[in-house]
1. For the range 74-211, with all protein chains present and a 1.4 Å probe, just round the carbon and sulfur fraction of the accessible area to a whole percent.
2. So, by mean Cβ neighbours within 10 angstrom, what's the order for 210-221, 63-74, 136-147 with the highest one leading?
3. Say each of L197 and L98 gets a label point 7 Å from the Cα, pointing the same way as Cα to Cβ; how far apart are those two points in nm?
4. Pull out the extension gain between S108 and I87, defined as 0.36 nm times the separation in residues minus the alpha carbon to alpha carbon distance; nm, one decimal.
5. Just list whichever of K216/K260; K142/K245; K71/K236; K142/K250; K260/K289; K142/K236 have alpha carbons separated by over 23 Å in the model shown.
6. Once label points are set 7 Å from the Cα along Cα→Cβ at both I219 and F77, what is their separation, rounded to one decimal in nm?
7. Taking all pairs of distinct Cα atoms, average 1/r, flip it, and tell me the Kirkwood hydrodynamic radius of the range 74-211 in Å to one decimal place.
8. Residues of the range 214-290: accessible area per residue at 1.4 Å, in Å²?
Amino acid sequence: SSIRVQVPTYKSYNLIGNFYTRRIQHRARGILETSTVFQKSNTKFLVNATSGQPLESEPKAYPNTPWNSAKNALDAFYRFSRPHTVIGTALSIISVSLLAVEKLSDISPLFFTGVLEAVVAALFMNIYIVGLNQLSDVEIDKVNKPYLPLASGEYSTLTGIMIVTSFSIMLPLLRWKRFALVAAMCILAVRAVIVQLAFYLHIQTHVFSRPAVISKPLIFATAFMSFFSVVIALFKDIPDIEGDKIFGIKSYTVRLGQEKVFWTCISLLEMAYGVSILVGATSPYTWSKVI
């Protein structure tokens, strides 16, 4: 049988084109509306990060009640304080304080009071440091960390300064982030040396009133944390590569690439934990060998 073939005219093409254009526009409009609702309800701060405008409330989704206002304020301060650094600081102080415990009777109200004094002081210093970092890097954080209150516009610069100055009266005008080695040395000095030695001696001399003695466990903890601090200094720049490139910050990640820095960090961690296992296995204490 024969098949009749009709060649479409210019008008036919126009009709077909208009039909599919309307369908595409209709679907695109639906997708855009869905995407807009999702962004407004879940990641609204991403839009404001580039504009620098403060967040606006949405009465329908989140009624402006005192409870919601308080909850939002706590959430913003929680993100501003960088909780993962607060938790790490608190745990490191507690663990290094336990190195000064020689007998069960040392675990007393006096010990807990001394640890609490150290933790509170360190947390205040920690919030001052992370706040100062955010004030110095607002534009970079709009690219790398748009969820932070200063970058998203939830906090104004004045609010950030007020929070930081409330935790410390001194604002050093140093931008060490731009110098990768200096920034790494700062982290190494604090995490590996100052935290270990200072808080151990706080418990040993101030709480227990014993002579200042540098013990083998303290030396081991300091050596281990030296490796760990180098990893912290390198790892923290891996997710920030885009913003660092834009603002000309020559971090090791920008210079060497994310993958190379990542596996260098993994190797350093494996070395640190490998030595820890060997030290524990050769320890004269049975419980240490088992762990």
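The values are calculated or read from the model by the stated rules, or taken from the named source; none is laboratory data. The shown structure was predicted, so the numbers you read here are calculated from the model rather than taken from an experiment. Positions of Cβ are backbone-derived with ideal geometry, glycine not excepted, and every protein chain shown enters the neighbour counts. Accessible surface is based on the protein model in full, side chains and every heavy atom, while ligands, DNA and RNA are left aside. Shrake-Rupley method; radii C 1.70, N 1.55, O 1.52, S 1.80 Å.
1. Within the range 74-211, the accessible surface is 74 percent carbon and sulfur.
2. Numbers: 210-221: 12.8, 63-74: 10.7, 136-147: 18.3.
Going by the mean number of other Cβ atoms within 10 Å, highest first, we get 136-147, 210-221, 63-74.
3. Reported label-point gap for L197 and L98 is 2.4 nm.
4. On the way: separation 21, 0.36 × 21 = 7.56 nm, distance 2.32 nm.
Stretched fully, the S108-I87 segment lengthens by 5.2 nm.
5. On the way: K216/K260 34 Å; K142/K245 13 Å; K71/K236 29 Å; K142/K250 18 Å; K260/K289 34 Å; K142/K236 16 Å.
Long pairs (Cα-Cα over 23 Å): K216/K260; K71/K236; K260/K289.
6. So the two model labels end up 4.5 nm from each other.
7. 16.5
8. On the way: 4860 Å² over 77 residues.
Here the per-residue accessible area is 63 Å².
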